[in-house]
Amino acid sequence: MPTHTTYPGVYVEELPSSIRSITTVTTSVTAFVGHTRRGPLNQPVRITSFADFERRFGGLTSQSPVAYAVHQFFGNGGTVAVIVRVARAGSGKAAHVTLESTEGHSQCPVLEVHAKEPGVWGDGLRVAVDHDSPCPEETFNLHVLDAHGTARESFSGLSMDSCHGRYAETVINAGSALIRVEVVGEGRPDPSGTVSKAFHHELPDLNVDLTVKIGEVEREFTLYDPDCDGEPPCNVTELALLLEHKLRSLPDAPGKHAFAGAEVTAFGRRIQVVAGSLDPGDTVRFLGECANDLGLEASVNPPVFPLCGGEDGEAPGPRDLIGSESRKSGLQALRDVDDVNLLALPELAGYEKVEDAVTVLSAAGRLCQERRIFLLVDAPAAWGSVDAARAGIAAFDPVRSNHSGLYFPHLQLTDPLSGRLRSFPPSGALAGVIARTDGERGVWKAPAGTEARLAGVHSLTVRLTDRENGLLNPLGINCLRTFPVLGPLVWGARTLEGADALDSEWKYVPVRRLALHIEESLLRGLQWVVFEPNNEQLWQQIRLNASAYLHSLFEKGAFKGGTPRQAYFVKCDKDTTTAADIENGIVNVVVGIAPVKPAEFVIVKIQQMAGQFDLR
């Protein structure tokens, strides 16, 4: 703000810098689109490790090429991935269970519980309900457990009243990563286990013999024996402790934990008895006249309510992978995701019809051009020889683009699930190599050569010679090679538009990716220009900002040339922005770069010297 001078002296005023820094964007965040065991459908999820993938998408499964590709991505140096799970339309069901209520004196369904995502995995979930809440007569607690009985999520103080601040449907659906619920009736869901009626303030005579049956095992015991149990319980909490002690003292069936792990909880004036088992058949039942007098069976339910009926979705077809732009499904789900630089579609390599793969690649190519993404294309699995690759590459002519690169052949790795050697499409490992190269050398370094080793790869499905490599490279096919000592390497860095016959200026992968990186960085870094006065002062600021950014890349070795003038230029003045442009609210910035191209062919010339050496 301006300084107001009111007295003689020296004033200090801080002025904002006219140069706004342009931050470089990411270069190797890879999107994988396809079938996984579980996970949210058509929703991009960002992960930073394979452990994240296992937690969110179920880990490896033989039916998911995406799962193996992600595993190879992180194994080769990848750091961040975006996963979009896609399933065939109409396939897959979420496991579910219906909770009922008897509070209205007639049993009726009140709460539908569904697994958050379709799949058989949801059959391993269990839910437990209790009324041990701050308002035991009005609210309830719901717990989500896995098949081993480990508590995964808990929601307390829930209400079935839509006007309540803890409305069950709102709280659970917003906070749970495992389930979603739907209120379908009035009344609270009945608690798990067996719940008594409300005891009076003065407890009844407890010196009675009870018969309890858990599952098929029946036992008898005395609830309170003055000779053995000391002072009688004087409130419901002490009664619950006494009953739990008695139940746990009873002999269990061999290999069972139903009695030994029984839990008795007091809430309000009631007690809840739950068997120490996850078997839905282990319902706690108190039998006989004495049990009726004590009201120990006001509500009888299994210890947990298991979800069931889940079905895995089938592998997606071409239409499912392409998806719908309006519904943001399939590939189109990536339109809302920032910072995606690479795209892998490993399922396409297994398609029997190459035409189907080309159809998906066509849609993926359009997306990549719009979103500045580079597409990694796997060679079809049917290409089992060099001749097959030379004959089959013509099918990819409709999708030749400088935003994509094709890699051949497939990789041979040990399958972690079976321990056997299997072939896999290379895009996942390639994305990891690119991420590793970007981190170590920069996006301008070709992700190929002796540093581009494919970690974990046993061999390649087709072993190429130099001559065979020389037949494929001019066609725009990037070869994977195996060399002595070095092992499997990436030995090509051309775009699909990089065939010699096309003579494209975007022949090389690093040149194309560097340009995409600069375009996206400038696009984001110059957003502040919008609605600024379109005059010489603005043009000067744009030149300063863009030049400072490009100079930082020049110092890192991204451009050729010995001086900045030889490496790049930024032009934004009255020549690029005319008076007519100013009237239309347009400012034009022209940026030129001299990218470093890879040394694809290194020629060493040796000449024999004539004459003899003078050894004196």
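If you check Pro233, Pro226, which single one turns out to be assigned to a loop (DSSP other than H, G, I, E, B), without any contact (Cβ under 8 Å) to a residue 40 or more places away in the chain and open to solvent by 40 Å² or more (accessible area, probe 1.4 Å)? Reasoning before the result, please.
Working: Pro233 fails: open to solvent by 40 Å² or more (accessible area, probe 1.4 Å).
Step by step, each of Pro233, Pro226 is checked, and only Pro226 is assigned to a loop (DSSP other than H, G, I, E, B), without any contact (Cβ under 8 Å) to a residue 40 or more places away in the chain and open to solvent by 40 Å² or more (accessible area, probe 1.4 Å).
Among Ala89, Ala81, Ala31, Ala69, which is open to solvent by 70 Å² or more (accessible area, probe 1.4 Å) and either under 21 Å from Leu367 (Cβ atoms) or acidic (Asp, Glu) (or both)?
Numbers: Ala81 fails: open to solvent by 70 Å² or more (accessible area, probe 1.4 Å); Ala31 fails: open to solvent by 70 Å² or more (accessible area, probe 1.4 Å); Ala69 fails: open to solvent by 70 Å² or more (accessible area, probe 1.4 Å).
Just a single option satisfies the conditions, and that option is Ala89.
Being within 18 Å of Leu294 (Cα to Cα) and open to solvent by 90 Å² or more (accessible area, probe 1.4 Å) is the filter here, so list the residues in segment 198-217 that pass it.
His200, His201, Glu202, Asp205, Asp209
Residue check, Phe267 against (1) closer than 27 Å to Glu137 by Cα; (2) touching a Pro at 6+ places or on another chain (Cβ under 9 Å); (3) open to solvent by 50 Å² or more (accessible area, probe 1.4 Å), all met but one. Which one?
(3)
Which ones in segment 463-484 are in a loop (DSSP other than H, G, I, E, B) and surrounded by fewer than 20 Cβ atoms within 10 Å (Cβ to Cβ)?
Arg463, Thr465, Pro484
Being open to solvent by 60 Å² or more (accessible area, probe 1.4 Å) and farther than 22 Å from Arg56 by Cβ: is that true of Asp161 here? Can you show your working first?
Numbers: open to solvent by 60 Å² or more (accessible area, probe 1.4 Å): yes; farther than 22 Å from Arg56 by Cβ: yes.
Criteria met by Asp161.
Return the only residue of Glu289, Glu297 being open to solvent by 20 Å² or more (accessible area, probe 1.4 Å), over 23 Å from Thr265 (Cβ atoms) and of a type outside the set (Val, Ile, Thr). Walk me through it before giving the result.
On the way: Glu297 fails: over 23 Å from Thr265 (Cβ atoms).
None of the other options fit; the residue is Glu289.
Within segment 180-187, can one find any residue that is under 29 Å from the mean Cα position of the chain (by Cα) and surrounded by fewer than 16 Cβ atoms within 10 Å (Cβ to Cβ)? Step through it out loud before you land on a result.
Residues of segment 180-187 under 29 Å from the mean Cα position of the chain (by Cα): 180-182.
From what is left, the residues that are surrounded by fewer than 16 Cβ atoms within 10 Å (Cβ to Cβ) are 182.
Yes, segment 180-187 has at least one match.
Mind listing just one residue for me: the one in segment 34-63 that is aliphatic (A, V, I, L, M) and in a strand (DSSP E or B) and, of those, farthest from Gly432 (Cα to Cα)? Before you say what the answer is, go through the steps one by one.
Our first condition is that a residue be aliphatic (A, V, I, L, M); within segment 34-63, this holds for 41, 45, 47, 51, 60.
Then drop every residue that is not in a strand (DSSP E or B), which leaves 41, 45, 47.
Details: Leu41: 24, Val45: 18, Ile47: 14 Å.
Here the answer is Leu41.
If I filter segment 268-276 for residues that are within 39 Å of the chain's Cα centre (by Cα) and closer than 19 Å to Phe199 by Cβ, do I get at least one hit?
Within segment 268-276, the first condition is being within 39 Å of the chain's Cα centre (by Cα), and the residues that meet it are 274-276.
Now drop any that are not closer than 19 Å to Phe199 by Cβ, which leaves 274.
Checked against the condition, which is being within 39 Å of the chain's Cα centre (by Cα) and closer than 19 Å to Phe199 by Cβ, segment 268-276 yields at least one hit.
From the list Glu220, Glu238, Glu244, which one is free of Cβ contacts under 8 Å to residues at least 12 places away in the same chain, surrounded by 14 or more Cβ atoms within 10 Å (Cβ to Cβ) and not in a loop (DSSP other than H, G, I, E, B)?
Answer to the check: Glu238.
So for segment 204-222 (the condition being more than 47 Å from the chain's Cα centre (by Cα) and either in the same structural domain as His131 (by the TED database) or among the aromatic types (Phe, Trp, Tyr) (or both)), does at least one residue qualify? Steps first, answer last, please.
Narrowing segment 204-222 to residues more than 47 Å from the chain's Cα centre (by Cα): 204-212, 218-222.
The next check asks that each one be either in the same structural domain as His131 (by the TED database) or among the aromatic types (Phe, Trp, Tyr) (or both); those that pass are 221.
Yes: segment 204-222 contains one or more residues that are more than 47 Å from the chain's Cα centre (by Cα) and either in the same structural domain as His131 (by the TED database) or among the aromatic types (Phe, Trp, Tyr) (or both).
Is segment 513-521 home to any residue that is hydrophobic (A, V, I, L, M, F, W, C) and not in a helix (DSSP H, G or I)?
Looking only at segment 513-521, we keep the residues that are hydrophobic (A, V, I, L, M, F, W, C), and these are 514-516, 518.
Going one step further and asking which of them are not in a helix (DSSP H, G or I), we end up with none.
Checked segment 513-521: no residue is hydrophobic (A, V, I, L, M, F, W, C) and not in a helix (DSSP H, G or I).
Of these, Val457, Val443, Val433, which one is open to solvent by less than 40 Å² (accessible area, probe 1.4 Å), assigned by the TED database to the domain that holds Leu348 and free of Cβ contacts under 8 Å to residues at least 60 places away in the same chain? Walk me through how you get there before you give the answer.
Working: Val443 fails: free of Cβ contacts under 8 Å to residues at least 60 places away in the same chain; Val433 fails: free of Cβ contacts under 8 Å to residues at least 60 places away in the same chain.
After ruling out the rest, the residue left standing is Val457.
Is it the case that Thr61 is open to solvent by 50 Å² or more (accessible area, probe 1.4 Å) and outside the structural domain of Met160 (by the TED database)? Explain how you work it out, then say what you get.
Details: open to solvent by 50 Å² or more (accessible area, probe 1.4 Å): no; outside the structural domain of Met160 (by the TED database): yes.
Here the answer is no, as Thr61 does not meet what is asked.
Could you check segment 544-562 and list, in sequence order, the residues that are part of a helix (DSSP H, G or I) and among the hydrophobic types (A, V, I, L, M, F, W, C)?
Our first condition is that a residue be part of a helix (DSSP H, G or I); within segment 544-562, this holds for 544-556.
Listed by number, the residues that qualify are Leu544, Ala546, Ala548, Leu550, Leu553, Phe554.
So, Ile593, is that one over 40 Å from the mean Cα position of the chain (by Cα) and touching a residue at least 24 places away in the same chain (Cβ under 8 Å) or not? It would help to see each step written out before you state the result.
Values: over 40 Å from the mean Cα position of the chain (by Cα): no; touching a residue at least 24 places away in the same chain (Cβ under 8 Å): yes.
No: the conditions fail for Ile593.
If I ask for residues that are of a type outside the set (S, T, N, Q), open to solvent by 20 Å² or more (accessible area, probe 1.4 Å) and part of a helix (DSSP H, G or I), which ones from segment 247-264 would you list?
Residue satisfying the conditions is Arg248 alone.
The values are calculated or read from the model by the stated rules, or taken from the named source; none is laboratory data. Since we're looking at a predicted model, the values are computed, not measured. Ideal geometry is used to build each Cβ from the backbone, glycine not excepted, and the neighbour counts take in all protein chains shown. Only protein heavy atoms, including side chains, enter the accessible area calculation; ligands, DNA and RNA are left aside. Shrake-Rupley method; radii C 1.70, N 1.55, O 1.52, S 1.80 Å.
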